[in-house]
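Have a look at the structure below, then the notes.
Where a number appears in this text, it was derived from the coordinates with a stated rule and is not lab data. Nothing here was measured: the structure is a model prediction, and the numbers come from that model. Cβ: placed from backbone, ideal geometry, glycine included. Neighbour counts: every protein chain shown.
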Amino acid sequence: MQVTKDMKISDILMIDQGLIPILLEAGLHCLGCPASQMETLEEAGFVHGIDTDKLINDLNAYLENM
C-alpha cells in the first residue's frame, strides 16, 4: 500500500502506527483532532505549510522498508 495526497489522515493512521512519528515530525501535531481525521493529506499539508510531496515520499519510504 502507498500513501497518496488524496488519502484522509484517518485512513493513513490505519495503515501502520509507525507512520505517526513521521507525520508528527513533519508538523502535523493535530492527528487526534476530530476535524483532522476528515482532511486529506494534501489539505492538512496546505493548512500547516508542509511540503506534501516530501512527506508522501517519507511515508512511502517507511512503508517500503517494513
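Summary of values
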{"read-out": "Around Met1: net Lys/Arg minus Asp/Glu count, Cβ-Cβ under 11 Å", "value": "-3"}
{"read-out": "Rh (Kirkwood; distinct C-alpha pairs) - the chain, Å", "value": "11.5"}
{"read-out": "Cα-centre dipole for the stretch 14-66 with unit charges at Cβ (Lys and Arg positive, Asp and Glu negative), debye to 20", "value": "140"}
{"read-out": "Relative contact order computed over the stretch 9-64 (Cα-Cα under 8 Å; 6+ residues apart), in percent", "value": "37"}
